[in-house]
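Beneath this line is the structure, given in structure tokens, with notes to follow.
The values are calculated or read from the model by the stated rules, or taken from the named source; none is laboratory data. Quick caveat, the model's predicted, so the values are computed rather than measured. Here the Cβ positions follow ideal geometry from the backbone for every residue, glycine too, while neighbour counts run over all protein chains shown.
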Amino acid sequence: MSGTLTIDDQIIPFSDGQTIIEAARTAGVYIPHLCHRPGYSPHGSCKLCTVFVNGRQCSACTFPAADGQKVISTNEDMQQDRLRITQMLFVEGNHFCPSCEKSGNCQLQGVAYHLNMLDNHFPHFYAQREMDASHPDILIDHNRCIFCNLCVRASRDKDGKNVFAIAGRGINKRLIINSPTGKLKDSDISMDDCAAHVCPTGAILIKHTGYQVPIGERIYDHQPISQVACDTEADHDE
Amino acid sequence: MLTTFLQKVLTEADYQPFRLLGMLRKVQAQYQHIPPEAIDSLAEALNIPRTQIIAVVEFYSFLHLTPQGRYDILISNSITDQMLGNDQIISYLSSTLNVKLGEVRDDGLVSLNHTSCSGMCDQGPAGLINGYPLPRLDPPKIDRIVALIEQQTPLTEWPPELFHVEEIIHKPGLLLTQAFNNGDALHATFTRGLAETLAEADLSNLRGRGGAGFKTALKWRTCSQQAATPRYVICNADEGEPGTFKDRMLLDLYADQVFEGMTVCAAIIGSNQGLLYLRGEYLFLYEKLLDVLQQRREQGLLGTNILGRAGFDFDIEIRMGAGAYICGEASAQIESLEGKPGIPRTKPPNSVMCGYQRKPTVVDNVETFLASTHIAIHGGQWFADIGTPQSTGTKLLSISGDCARPGIYEYPFGVSIREILQDCGASDVMGVQVGGPSGTFISNRELDRVLAFEDLSSAGSFMVFNSTRNIFDIARNFTDFFAHESCGFCTPCRVGTSLLKQQLHKIIDGHGSAADLEELSELCLVVRNNSHCGLGESAANPILTTLASYPDLYLKQLKHQEFSPGFDLDATLNVARRMAQRDDPSAHLMQVEN
Ligand SMILES: Cc1cc2nc3c(=O)[nH]c(=O)nc-3n(C[C@H](O)[C@H](O)[C@H](O)COP(=O)(O)O)c2cc1C
Ligand code: SF4
Ligand code: SF4
Ligand code: FES
């Protein structure tokens, strides 16, 4: 099935099997997202991409595009909800942007800029989370994990390995590593794995490369995420 | 030791990874936890990542990575158990057994913890010991239990009456009073014809009894029209909504009629395999239900060529849950049945097209199958004549809380709340929680509302509160429940339910201002409107509906009652009013009168 749908009054074509977010990106329309990435199987957990489809709330990253669909993606209430959801992610973990190597390249930060987020709004959880610096080349800082599941999908679907999984329930979710010790160094991850590079935040970082690009000259320092997402992410597409 | 035990467990599960939860339940029962070596061995034998096993263990409340006591005691934390004094029960257990709540005693003999509603609100305060029920706990009973534990008497040698769950039916109606002989519904179905029986189900206008109220015949028809095979029939006996225990009673006393409904469904949709998802709390029913299934096989009502019909093969397997309310949600249940954490799937596609093992699947509630059995026998009109046009037939209610006669009641849809309260002997009513925490709280000014999908719908929970009860105890208990049971998949519910809990506690503890109440309302909406599944969508209902019923009580709870003009508190109640379907004067705040 292919045809056209409208997003906020803009008419957009789509092709067979596309989700709303894919159709939007192809047409250069940005719908905020964090757990979605072109070329990866849809997940639908962050809920940043929530849109109205024919009057019902749906995740644009999982909902199939259909002919004649009326999608409302940007109005004041929806941007406000997205802001609150982003703030939830900030207070759930421990995000100290000024001291984070990912600053400027971080999608969580990029989305926060886009939504004009000026404070955290909610009280902090101050979760006790750890670092796993055991691996010689790859660092995990659990404080910055937003449970987007991208590393899980990357390792399973792209690398054929299953290095990562998300365990726990409710607010006690945690990222776990598939190795006898639970440490990254004992897993079979390698530097070339998609999973080592896919993290939208600073939770998975490559060691020995820090600050090669100075702060101020990074991705979202130059361009808003709304533009970056429609241009460069397409390169990762399969 | 462990190796031989695991061999046995694996063999019994036929090395099928989708039976993982059942295997882990056995390991937990034997070793009081899932030892790391068991995780490694199972991962290897089943050829699944060890992380899947860890994720499953961490997801389900009844599985643990660290050892629990050899006698593991869980006390139900349902609001009705709280009202019956579960706190005193816990203190008494704690002091006599010398173990703190949430801990394991140093000698490893006993552990004590809270658990979500254990499905015995009509006979609380209740608990579980190693998964078996302990209803009506009181100090003399606890003394006996403590003595048995200290003597290390195996559970199998304890007096059976300690575990006895009563099935108290105060008001049987259309379904519970029908005469039934095994095979009646199947004979009727075959005699009438499959398409004709589906037409009767259609005519009956039966809607699902598990909560959502989806039309049953439509679900069955859609499933039967799917090209893919095999197709599956799943009976949802997770019954996790606090205050519900009617499915427990049905499986205890009417199991044949439930299994027969599943078999009728199987004939209609063309299925060979059924699954009963039984909540972990109902372990005491497991053996009994296995016997019922065995008898049905012997009677030719299950197995191959059922009732002599060549090619009609169908059997039912029982799989147990392990403490997770979310596994009542149909797609989460399917994930759980596949040996994974119970995380609701993304729709579309829905389970009817792509369910268990990605095949067409009907998931229905226990009571829905019971009703289907009788509709197959008596026809659709017989059922449609009862109730209201949009809500035909009768509904089973599990009544608990402040009333003289808690237990099971069966009513035609359309009955008023007032009549129900009279029947169960409730007086001095302050409010009623219809449909459990995910349902609606109504005040005593709304007792003429009726039980029906078009007004107050309930999957079976009906909790009564009299005027001695504190509205905030209720709202807090329910809000905490959702935070505890959120599966954590999506941001608005994972983080939002914990924020709701914090924000509500702040107000209840007297630290809230008008701005905090407004903040609470706003948060309710973010969680409700953006969550992935029904749990998140209803997690704010306890706050929204108590707020709509008794806004003045919330107001009194605020530290600074004066308002800064920036806040229109009455406007923040709009949402609460809309969802509680109220707009009468008492649902409004007379603001800025001072
Ligand atoms: C959080 C949540 C918990 C649920 N728990 C149950 C349950 O315990 N039993 C049940 O039958 N349905 C439950 N449901 C509804 C099921 O998803 C599903 O609609 C139902 O089993 C379908 O059967 P029915 O059509 O016969 O009602 C729950 C739904 C949600 C969102
Ligand atoms: S580590 Fe990164 S990619 Fe993996 S779940 Fe966390 S935030 Fe997502
Ligand atoms: S709404 Fe809650 S229970 Fe449902 S998927 Fe989201 S986190 Fe899980
Ligand atoms: S991008 Fe759609 S839910 Fe995360």
Checklist outcome for this item: Exactly one of B:K340, B:K347 is within 14 Å of chain A (Cβ to nearest Cβ) and either assigned to a helix (DSSP H, G or I) or in contact (Cβ under 8 Å) with a residue 60 or more places away in the chain (or both), and that one is B:K340
Next on the checklist: Can you say whether B:E335 is acidic (D, E), out of contact with any Phe, Trp or Tyr (no Cβ under 9 Å at 6 or more places or on another chain) and more than 16 Å from ligand 1 (Cβ to nearest atom), as far as the supplied structure shows?
Outcome noted: no
Checklist entry - Can B:E518 be described as more than 9 Å from every other protein chain (Cβ to nearest Cβ) and without any contact (Cβ under 8 Å) to a residue 12 or more places away in the chain? => result no
Checklist entry - Can we say A:C194 is within 16 Å of ligand 4 (Cβ to nearest atom) and at pLDDT 95 or above? => result no
Checklist entry - Which residue, of A:V152, A:V111, is surrounded by 17 or more Cβ atoms within 10 Å (Cβ to Cβ) and within 15 Å of A:M88 (Cβ to Cβ)? => result A:V111
Checklist entry - Has the stretch A:173-193 got at least one residue that is within 16 Å of ligand 1 (Cβ to nearest atom), surrounded by 20 or more Cβ atoms within 10 Å (Cβ to Cβ) and more than 24 Å from A:E101 (Cα to Cα)? => result no
Checklist outcome for this item: Checked against (1) more than 19 Å from the chain's Cα centre (by Cα); (2) part of a helix (DSSP H, G or I), B:Q152 satisfies every condition except (2)
Checklist entry - Does any residue of the stretch A:201-223 turn out to be within 14 Å of chain B (Cβ to nearest Cβ) and part of a loop (DSSP other than H, G, I, E, B)? => result yes
Checklist entry - So which residues in the stretch A:27-79 are hydroxyl-bearing (S, T, Y), under 22 Å from A:S2 (Cβ atoms) and within 9 Å of another protein chain (Cβ to nearest Cβ), if there are any at all? => result A:S59, A:T62
Checklist outcome for this item: The condition of being over 21 Å from B:S486 (Cβ atoms) and buried (at least 18 other Cβ atoms within 10 Å of the Cβ) holds, among A:N116, A:N162, only for A:N162
Item to check | Close pairs from the stretch B:356-371: first under 15 Å from B:D256 (Cβ atoms) and of a type in the set (D, E, K, R), partner modelled with pLDDT of 95 or more and part of a strand (DSSP E or B), Cβ under 6 Å, at least 6 apart | outcome: B:E367/B:L396
Checklist entry - Among the candidates A:R169, A:R82, which residue alone is under 21 Å from B:C487 (Cβ atoms) and within 11 Å of chain B (Cβ to nearest Cβ)? => result A:R169
Item to check | B:I343 being away from ligand 4 (no atom under 16 Å from the Cβ), buried (at least 19 other Cβ atoms within 10 Å of the Cβ) and of a type in the set (A, V, I, L, M) | outcome: no
Next on the checklist: Return the residues of the stretch B:45-78 that are of a type in the set (G, A, S), within 24 Å of B:T479 (Cα to Cα) and free of Cβ contacts under 8 Å to residues at least 60 places away in the same chain; say none if nothing qualifies.
Outcome noted: B:S76
Checklist entry - Does A:M88 satisfy the criteria of being under 21 Å from A:C35 (Cα atoms), within 16 Å of ligand 3 (Cβ to nearest atom) and assigned to a helix (DSSP H, G or I)? => result yes
Checklist entry - Any residue in the stretch B:193-212 that is at pLDDT below 95 and on the phi > 0 side of the Ramachandran plot? => result yes
Checklist outcome for this item: Only unsatisfied item for B:R105, checking (1) in the same structural domain as B:G127 (by TED's automatic domain parsing); (2) within 24 Å of B:C327 (Cβ to Cβ); (3) charged (D, E, K, R), is (2)
Next on the checklist: Checking the condition under 18 Å from the mean Cα position of the chain (by Cα) and modelled with pLDDT under 95, which residue from B:G124, B:G119 passes?
Outcome noted: B:G124
Checklist entry - Just one of the numbered conditions (1) of a type outside the set (A, V, I, L, M); (2) farther than 27 Å from B:G339 by Cβ; (3) part of a helix (DSSP H, G or I) is not true of A:D157; which one? => result (2)
Next on the checklist: I'd like the full set of residues that are under 16 Å from B:G274 (Cβ atoms), touching a Leu at 6+ places or on another chain (Cβ under 9 Å) and not aliphatic (A, V, I, L, M), limited to the stretch B:337-356.
Outcome noted: B:E338, B:Y356
Item to check | Filter pass, B:G414 being outside any helix (DSSP H, G or I), touching a strand residue (DSSP E or B) at 6+ places or on another chain (Cβ under 9 Å) and either closer than 30 Å to A:A167 by Cβ or away from ligand 1 (no atom under 16 Å from the Cβ) (or both) | outcome: yes
Next on the checklist: Tell me whether the stretch A:36-44 contains one or more residues that are away from ligand 2 (no atom under 15 Å from the Cβ) and among the basic types (K, R).
Outcome noted: no
Next on the checklist: With at pLDDT 95 or above and in contact with a His (Cβ under 8 Å, 6 or more places away or on another chain) as the only criterion, which of B:I417, B:I408, B:I474, B:I507 stands out?
Outcome noted: B:I408
Next on the checklist: When you scan the stretch B:460-467, do you find a residue that is in contact (Cβ under 8 Å) with a residue 24 or more places away in the chain and at positive phi, even just one?
Outcome noted: yes
Item to check | When residues of the stretch A:136-153 are limited to those that are within 12 Å of chain B (Cβ to nearest Cβ) and of a type in the set (A, V, I, L, M), the one nearest to A:L48 (Cα to Cα) | outcome: A:I146
Checklist entry - Are there any helices (runs of 4 or more DSSP H) wholly within the stretch B:4-79 with 3 or more residues that are within 29 Å of the chain's Cα centre (by Cα), and if so which? => result B:20-31, B:50-59
Checklist entry - Do any helices (runs of 4 or more DSSP H) lying entirely in the stretch B:460-532 carry at least 2 residues that are within 16 Å of ligand 1 (Cβ to nearest atom), farther than 30 Å from A:H43 by Cβ and within 20 Å of the chain's Cα centre (by Cα), and which ones are they? => result none
Next on the checklist: I need a count of the residues in the stretch A:107-125 that are under 29 Å from A:T181 (Cα atoms) and away from chain B (no Cβ under 12 Å).
Outcome noted: 0
Checklist entry - How many of the residues in the stretch B:448-496 are within 18 Å of B:T115 (Cα to Cα) and within 14 Å of another protein chain (Cβ to nearest Cβ)? => result 9
Item to check | Members of the stretch B:153-174 that are touching a strand residue (DSSP E or B) at 6+ places or on another chain (Cβ under 6 Å) and not basic (K, R) | outcome: B:F163, B:V165, B:I168, B:I169, B:H170, B:P172, B:G173, B:L174
Item to check | Conditions (1) over 22 Å from A:G170 (Cβ atoms); (2) of a type in the set (V, I, T); (3) touching a strand residue (DSSP E or B) at 6+ places or on another chain (Cβ under 8 Å): number failed by B:I79 | outcome: (1)
